[in-house]
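Working notes for the structure below.
The values are calculated or read from the model by the stated rules, or taken from the named source; none is laboratory data. Note that the structure is a prediction, hence the values are computed from the model and not measured. Cβ coordinates were reconstructed from backbone atoms using ideal geometry, including for glycine residues, and neighbour counts include every protein chain displayed.
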Amino acid sequence: MAETIRDSRDLVVWQKAIALAKEVYRPTRGFPGDERFGLTIQVRRAVVSVSSNIAEGHARQGRESGSYLSIARGSLAEVESQLLLAVEPGYLRSSDLTVILDLAAEIRRMCVSLARKVSQA
């Protein structure tokens with residue numbers, strides 16, 4: 001029997017996007033103060049955008065929701081790029097980056113799959 005999806009919080013992809021945000025917020029607390037209005041806020045905004053766009057797309061439903069899933073994937077790319085930049089100066093450990101990149105890749109695949117399902121509906 002299939003689970004009932006009442007709202008975006010029931011979507012596994014949304015739950016994983018929230019987990020990703022937590023994984024990003026944890027190490028960015030340790031970024032230097034002079035990055036507070038630079039890299040720190042930029043990567044946090046991008047990671048919050050992932051779950052936000054998944055939620056908004058789900059709320060709108062229909063084919064339009066595919067656009068929001070595409071935006072979520074774009075935000076994932078931003079997160080990845082920004083965190084790759086954070087490794088070089090030592091703001092982020094490679095092990096933290098690996099966990100984040102693996103989760104981001106899983107979310108990306110789920111967004112693509114969900115977008116296909118939405119476009120076929």
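Quick notes on this structure:
- Test result for R36, at pLDDT below 95, of a type in the set (D, E, K, R), more than 13 Å from the chain's Cα centre (by Cα) and outside any helix (DSSP H, G or I): no
- Taken over the stretch 73-91, the criterion of being of a type outside the set (D, E) and either in contact with a His (Cβ under 9 Å, 6 or more places away or on another chain) or farther than 19 Å from A105 by Cα (or both) is satisfied by P89, G90, Y91.
- Residue-level analysis places S51 among those that are at pLDDT 95 or above and either polar (S, T, N, Q) or under 15 Å from V118 (Cα atoms) (or both).
- Taking the criterion of being touching a Ser or Thr at 6+ places or on another chain (Cβ under 9 Å) and either closer than 15 Å to L20 by Cα or in contact (Cβ under 8 Å) with a residue 60 or more places away in the chain (or both), the residues of the stretch 58-75 that qualify are A72, G74, S75.
- Qualifying position, being closer than 16 Å to D96 by Cα and aliphatic (A, V, I, L, M), among V13, V50, V43: V43
- Residue under evaluation R73, criteria (1) under 23 Å from G33 (Cβ atoms); (2) modelled with pLDDT of 95 or more, criterion not met: (1)
To keep it simple, each residue is scored yes or no on (1) touching a Cys at 6+ places or on another chain (Cβ under 9 Å); (2) part of a helix (DSSP H, G or I); (3) farther than 21 Å from S52 by Cβ.
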| position | (1), (2), (3) |
| --- | --- |
| A72 | yes, yes, no |
| L83 | no, yes, no |
| A86 | no, yes, yes |
| D96 | no, yes, yes |
| V99 | no, yes, yes |
| V118 | no, yes, no |
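- Criterion: under 20 Å from V24 (Cβ atoms), surrounded by fewer than 18 Cβ atoms within 10 Å (Cβ to Cβ) and either touching a Pro at 6+ places or on another chain (Cβ under 9 Å) or of a type in the set (G, A, S) (or both) - qualifying residue of A77, A72, A86, A46: A77
Listed here are the residues, each with its yes/no results for (1) basic (K, R); (2) loosely packed, with under 12 Cβ neighbours inside 10 Å.
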position	(1), (2)
L11	no, no
K16	yes, no
L20	no, no
V24	no, no
R36	yes, yes
T40	no, no
E56	no, no
